1. If we only count strands (runs of 3 or more DSSP E) wholly inside the stretch 269-324, which ones have 1 or more residues that are exposed (fewer than 14 other Cβ atoms within 10 Å of the Cβ) and of a type in the set (D, E)?
2. From I244, I231, I261, I217, grab the single residue that is within 16 Å of ligand 2 (Cβ to nearest atom), open to solvent by less than 50 Å² (accessible area, probe 1.4 Å) and not in a helix (DSSP H, G or I).
3. Can you name the residue in the stretch 63-72 that is out of contact with any Pro (no Cβ under 9 Å at 6 or more places or on another chain) and part of a loop (DSSP other than H, G, I, E, B) and is also nearest to ligand 2 (Cβ to nearest atom) among such residues?
4. Can you tell me which residue among L9, L70, L14 is touching a helix residue (DSSP H, G or I) at 6+ places or on another chain (Cβ under 8 Å), in contact (Cβ under 8 Å) with a residue 60 or more places away in the chain and over 25 Å from F291 (Cβ atoms)?
5. Within the stretch 180-200, is even one residue under 15 Å from S80 (Cα atoms) and assigned to a helix (DSSP H, G or I)?
6. Would you mind telling me which numbered condition in (1) in contact with a Gly (Cβ under 7 Å, 6 or more places away or on another chain); (2) farther than 30 Å from S248 by Cα; (3) away from ligand 1 (no atom under 16 Å from the Cβ) K135 fails?
7. For the stretch 91-128, name all the residues that are out of contact with any Ser or Thr (no Cβ under 9 Å at 6 or more places or on another chain) and assigned to a strand (DSSP E or B).
8. I'd like to check something: does the stretch 68-83 contain any residue that is more than 16 Å from ligand 1 (Cβ to nearest atom) and either at pLDDT below 95 or open to solvent by 60 Å² or more (accessible area, probe 1.4 Å) (or both)?
Amino acid sequence: MERTDVNTLGEFGLIEHLTRDFPLRQPSTIKGVGDDAAVIDNGGLCTVVSTDMLVEGIHFDLAYVPLKHLGYKSVVVNLSDIYAMNAFPRQITVSIAISNRFSVEALDELYAGIRAACDTYGVDLVGGDTSSSPKGLTISVTAIGQCEKEKLVYRSGAKAGDLICITGDLGGAYLGLQLLEREKRIWQENPGVQPDLEGQKYAIGRQLKPEARKDMIETFRQNGLKPTAMIDVSDGLASDLFHICKQSKVGALLEESGVPIHQEAQLLALKFKLDPITCALNGGEDYELLFTIDPKDVEKVRFLPDIYIAGEILEAKDGIKLNTKGGNLHDLKAQGWVHF
Ligand code: ADP
Ligand code: MG
């Protein structure tokens, strides 16, 4: 029998490959694999479901991630997927696999973070599973949300002429990670040296304590705004814009000058000899929302806080392009993160 390395397909290719022979049989399954969350119709009100798994050594390093922050973040990244459907999360389940390295006190810390997220976002912890693991910690969270059928927003609804919008600064979480990795290396080489993270609260905060944009979904409701397509920025702006374009069968023109990047992220990028826009495009983990709106709605968003217009949707044949600050047009490449 042939043996194909999973790396030949990449993460998204592998998901497509594994799920290709699963036709949807249930009329209540409105959306299966391929968006931020699945959608199930309960007769008017829909249930929206999303799962994410965080694995020690792949998604987090306990050398610099406090367990409480890890608990918080593992919930937030799932809630973010529910908001990305224009829905509101209501419940979560949490499953953990733990090695005997973890004490009850350590797990209490993890759950203090999970509780803080439940309090902040008003969701209930309603179940999960607990298992032992030979090594390390794995956390899997499932978020369950609700939305009226007509208010759901998919990745597939963008049309040529729509405007591309972003809800906040990008690249910060990636730079926070670079900073934490660098301090870890220094600490490993010189165990006496205390980490020097003073003045880097912004980037570290973006990495260790991300928030999901519940406030934006509320803003959309209050202003009668329904994006035509939406995704949360988990893999990096480029990769996530690609997902919208692929599912919507459109192209895009992204304006570098329209991509919001925090001043501290700009400075930090320069310190690391990185281009800030590269961090925004390929960094990921910012958990802002990337969405498109019909141009007739531009007046509705113009005066709303935290909405940055960063480009336009094009026909598919026009490709996916970046217009740099220098006025050069590049093909946008979706690198994102491949976790294998
Ligand atoms: P996100 O980044 O929004 O969390 P992912 O990229 O993880 O989304 O997943 C993309 C889609 O593929 C989602 O619809 C998800 O439910 C689905 N998916 C991911 N892994 C699997 C799997 N092993 N089996 C079935 N569906 C999967
Ligand atoms: Mg997502």
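1. Once the strands (runs of 3 or more DSSP E) in the stretch 269-324 are filtered for at least 1 residues that are exposed (fewer than 14 other Cβ atoms within 10 Å of the Cβ) and of a type in the set (D, E), what remains is 308-315.
2. I231
3. Among them, the one singled out is V65.
4. Details: L9 fails: in contact (Cβ under 8 Å) with a residue 60 or more places away in the chain; L14 fails: in contact (Cβ under 8 Å) with a residue 60 or more places away in the chain.
The match here is L70.
5. First, the residues of the stretch 180-200 that are under 15 Å from S80 (Cα atoms): none.
Within the stretch 180-200, not a single residue is under 15 Å from S80 (Cα atoms) and assigned to a helix (DSSP H, G or I).
6. Single failed check for K135: (1).
7. D124
8. Checked against the condition, which is being more than 16 Å from ligand 1 (Cβ to nearest atom) and either at pLDDT below 95 or open to solvent by 60 Å² or more (accessible area, probe 1.4 Å) (or both), the stretch 68-83 yields at least one hit.
The values are calculated or read from the model by the stated rules, or taken from the named source; none is laboratory data. The shown structure was predicted, so the numbers you read here are calculated from the model rather than taken from an experiment. A quick note on method: Cβ atoms are made from the backbone with ideal geometry, for glycine too, and the neighbour counts reach across all protein chains shown. Accessible surface is based on the protein model in full, side chains and every heavy atom, while ligands, DNA and RNA are left aside. Shrake-Rupley method; radii C 1.70, N 1.55, O 1.52, S 1.80 Å.
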